[in-house]
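Shown next, in structure tokens, is the structure this report addresses.
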Amino acid sequence: MKDILSAIQPTGDMHFGNYFGAVKNWVDLQDKYSCAFGVVDYHAITMPTNYQKLRNNTWELIFNLLAVGVNAENLFIQSLIPEHTELSWILSCFSSYGQMTRMTQFKDKSAKSKEETKDSFISAGLFNYPILQSADILLYRPKFVPVGKDQEQHLELTRNIAQRFNSLVGKEYFRLPEILFTETPKIRSTANPEIKMSKSAGEKHYISVFAEESRLRKQIRSAVTDTGRTNDGDMSQGVKNLFELLKASGQTEAYKSLLQDFENSSLKYVDLKDAVADGLLKMTRAFIEKRKEIAANKKNVKNQIKQSSWEIRKIAQETIKNVKDLTGLINVRF
Ligand code: AMP
Ligand code: TRP
């Protein structure tokens with residue numbers, strides 16, 4: 001068993017929403033708990049995908065995770081552990097179809113896919129995705145799942161599946177995993193603070209953790225600050241988001257002093273934006289350096305991750321064996 005399980009899709013850059021919403025927690029938690037963190041490539045093919053690029057995206061994300069401080073021995077690649085798909089099938093038979101039709105991420109993603117591709121094709125994989133996610137989690141029987149706010153509904157489903165499984169097989173086999181948030185469980189798009197920062201919303205809606213200085217400064221400088229104001233004096237979502245980024249990047253002094261300016265109505269947004277860009281760049285400098293070292297050593301790193309996936313797989317194999325025993329399926333060894 002692992003104490004902690006989480007995962008991220010290899011669908012492109014790692015952005016500050018991923019980092020402050022989830023990955024930073026992974027780095028902080030791994031000293032205290034036994035952890036497994038997956039790059040979930042089976043999830044990435046649920047939407048129209050550039051298949052030629054997927055493998056490369058998976059490795060790039062691995063390099064990025066290592067660069068921000070995730071330990072190699074805690075990382076695995078989902079498609080190296082076939083038990084994920086095996087458990088997913090079994091759990092689909094313990095999942096409520098009605099509940100699945102209420103998954104908001106499925107509704108959002110399918111609507112978006114239809115709009116973008118002008119094609120009404122939606123894969124059954126996209127519909128089944130939350131069950132695969134439940135399998136990702138339950139395979140390691142963890143206590144906690146550190147993710148962003150957008151994953152709340154999927155975690156609720158996972159707990160329901162685990163409960164139903166336990167109750168139907170007559171054994172409290174799966175622990176009910178708890179969601180674990182960071183202080184910033186939802187980072188918003190700087191271009192449109194009404195929506196979360198995300199890769200799928202398009203290029204201007206996320207800022208890469210590995211962005212070059214000029215691009216990062218430009219994106220922060222053009223952050224929207226004046227939407228969503230309800231009453232005079234209330235902080236708009238856009239400004240709140242910038243303050244959260246400032247705090248999350250560790251600039252406590254600047255955060256306090258600029259917040260004071262806001263309260264005195266003397267805050268200049270350009271000062272806030274510059275402080276945010278400075279704070280983020282200060283934090284990412286070390287990541288970018290580490291990324292270069294890793295890039296110079298790709299072959300070894302890939303072997304290391306194959307090895308760690310192999311080690312982590314042992315837990316998955318044990319779970320599948322137990323699940324087969326509990327559900328009357330045939331195991332090679334009795
Ligand atoms: P994804 O890139 O969708 O695979 O997400 C990986 C992790 O980052 C998940 O735990 C998400 O909940 C988290 N995450 C993604 N976007 C955001 C965001 N804008 N704010 C906070 N957390 C996020
Ligand atoms: N669905 C998650 C996301 O979009 C990624 C994910 C897949 C995940 N499997 C997981 C997160 C297991 C936590 C645990 O961000």
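The values are calculated or read from the model by the stated rules, or taken from the named source; none is laboratory data. As the structure is a computational prediction, the values presented were derived from the model and not from experiment. Here the Cβ is made from the backbone with ideal geometry for all residues, glycine too, and neighbour counts use every protein chain on show.
Descriptive notes on the structure:
- When the residues of the range 119-148 are filtered to those that are more than 16 Å from residue 315 (Cβ to Cβ) and among the hydrophobic types (A, V, I, L, M, F, W, C), the one that is nearest to the chain's Cα centre (by Cα) is 147.
- Which listed residue, of 21, 69, is in contact (Cβ under 8 Å) with a residue 40 or more places away in the chain, outside any strand (DSSP E or B) and surrounded by fewer than 17 Cβ atoms within 10 Å (Cβ to Cβ): 69
- The residues on offer are 218, 186, and the sole one that is at pLDDT 95 or above, within 16 Å of the chain's Cα centre (by Cα) and charged (D, E, K, R) is 186.
- Helices (runs of 4 or more DSSP H) fully within the range 229-334 that include at least 1 residues being in contact (Cβ under 8 Å) with a residue 60 or more places away in the chain: 237-248, 269-295, 298-327.
Residue-by-condition table, conditions (1) more than 19 Å from residue 294 (Cβ to Cβ); (2) modelled with pLDDT of 95 or more; (3) touching a His at 6+ places or on another chain (Cβ under 9 Å); (4) more than 10 Å from ligand 2 (Cβ to nearest atom):
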{"site": "13", "(1), (2), (3), (4)": "no, no, no, yes"}
{"site": "22", "(1), (2), (3), (4)": "yes, yes, no, no"}
{"site": "43", "(1), (2), (3), (4)": "yes, yes, no, no"}
{"site": "87", "(1), (2), (3), (4)": "yes, yes, no, yes"}
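- Applying the criterion of being closer than 20 Å to residue 239 by Cα and assigned to a strand (DSSP E or B) to the residues of the range 173-197, the residue that is nearest to ligand 1 (Cβ to nearest atom) is 196.
Conditions tested, residue by residue: (1) away from ligand 2 (no atom under 16 Å from the Cβ); (2) among the aromatic types (Phe, Trp, Tyr); (3) in a helix (DSSP H, G or I); (4) touching a residue at least 12 places away in the same chain (Cβ under 8 Å).
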site	(1), (2), (3), (4)
135	no, no, yes, yes
140	no, yes, no, yes
157	no, no, yes, yes
160	no, no, yes, yes
171	yes, no, no, yes
201	no, no, no, yes
216	yes, no, yes, yes
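- Being over 12 Å from the mean Cα position of the chain (by Cα), acidic (Asp, Glu) and more than 16 Å from ligand 1 (Cβ to nearest atom) holds for only one residue in 60, 73, and it is 73.
- Every residue from the range 24-40 that is surrounded by 17 or more Cβ atoms within 10 Å (Cβ to Cβ), in a loop (DSSP other than H, G, I, E, B) and touching a strand residue (DSSP E or B) at 6+ places or on another chain (Cβ under 6 Å): 40
- With respect to the conditions (1) assigned to a helix (DSSP H, G or I); (2) among the hydrophobic types (A, V, I, L, M, F, W, C); (3) touching a strand residue (DSSP E or B) at 6+ places or on another chain (Cβ under 9 Å), residue 126 falls short on a single one, namely (3).
- So residue 102, is it within 14 Å of ligand 2 (Cβ to nearest atom), charged (D, E, K, R) and not in a helix (DSSP H, G or I): no
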